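In what follows, a single structure is set out as structure tokens and then discussed.
The values are calculated or read from the model by the stated rules, or taken from the named source; none is laboratory data. Everything numeric in this text was worked out from a predicted model, so none of it was measured. Please note: Cβ atoms are built from the backbone with ideal geometry, for glycine as well, and neighbour counts cover all protein chains shown.
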Amino acid sequence: MSKRDEAWLQGILDKIWDNYFPEVQQVNDVRIVFGRRTKRRLGSISLHPSDCKTSVITMNGLFRREDVPEFVVEATIFHELTHYAHGFNSPLEQAQAHPHAGGVMRREFAERGLLELYLQQKRWLKANWLDVLTQEFPAKPRAGVRKTARTIAIKPFWFIGD
């Protein structure tokens with residue numbers, strides 16, 4: 001098993017960029033790092049606060065866990081790289097007004113031959129993410145609530161509808 005560190009993330013980013021975004025020019029430095037463990041955000045891309053010439057992709061710290069499949073990490077990196085390619089937190093021209101306008105992510109996965117990866121990630125998250133969150137963020141007892149009734153308070157966005 002490989003060590004889940006920033007070098008591992010960089011290798012996945014390089015592979016995805018080379019294989020699925022070869023026409024997207026890297027016009028600035030793009031770093032990828034693990035961030036904090038979060039319940040709802042899988043990844044994000046932003047400009048570095050002190051160096052606006054550097055884009056930083058931050059991945060959920062829970063992705064260090066070996067029980068989170070690599071395809072979930074790959075799909076998240078693909079998602080963030082799509083934002084970069086569309087000009088969000090990158091020097092490239094912005095493709096649309098909003099980063100998720102009109103189902104652009106699903107369409108981008110499909111056009112680049114990775115619709116099954118997109119669907120596989122969604123299925124895994126729906127079936128397993130709450131278990132990961134329950135292990136990582138044990139519920140704290142609330143006044144007047146029996147211990148057996150504790151649950152994760154906020155469901156991630158991908159649990160809404162389908």
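All of 67, 51 fail the test of being surrounded by fewer than 14 Cβ atoms within 10 Å (Cβ to Cβ), without any contact (Cβ under 8 Å) to a residue 40 or more places away in the chain, outside any helix (DSSP H, G or I) and among the acidic types (Asp, Glu), apart from 51. Looking only at residues in segment 19-48 that are of a type in the set (Val, Ile, Thr) and assigned to a loop (DSSP other than H, G, I, E, B), the one that is nearest to residue 126 (Cα to Cα) is 38. Only one entry in 24, 73 is among the β-branched types (Val, Ile, Thr), surrounded by fewer than 17 Cβ atoms within 10 Å (Cβ to Cβ) and touching a helix residue (DSSP H, G or I) at 6+ places or on another chain (Cβ under 6 Å), namely 24. Output yes when any residue across segment 86-96 is closer than 20 Å to residue 14 by Cα, over 14 Å from the mean Cα position of the chain (by Cα) and of a type in the set (Ser, Thr, Tyr), and no when none is. Yes: segment 86-96 contains one or more residues that are closer than 20 Å to residue 14 by Cα, over 14 Å from the mean Cα position of the chain (by Cα) and of a type in the set (Ser, Thr, Tyr).
Scanning segment 100-132 for residues that are without any contact (Cβ under 8 Å) to a residue 12 or more places away in the chain, of a type in the set (D, E, K, R) and over 18 Å from residue 88 (Cβ atoms) returns 116, 123, 131. Evaluating residue 132 against the criteria (1) of a type in the set (Val, Ile, Thr); (2) at pLDDT 95 or above; (3) touching a Phe, Trp or Tyr at 6+ places or on another chain (Cβ under 8 Å) leaves one unmet condition, (3). The set of residues in segment 84-139 that are surrounded by fewer than 13 Cβ atoms within 10 Å (Cβ to Cβ), assigned to a helix (DSSP H, G or I) and either aliphatic (A, V, I, L, M) or in contact with a strand residue (DSSP E or B) (Cβ under 9 Å, 6 or more places away or on another chain) (or both) comprises 101, 127.
Considering 77, 16, the condition of being in contact with a strand residue (DSSP E or B) (Cβ under 8 Å, 6 or more places away or on another chain), in a helix (DSSP H, G or I) and either farther than 25 Å from residue 113 by Cα or not aromatic (Phe, Trp, Tyr) (or both) is satisfied by 77 alone.
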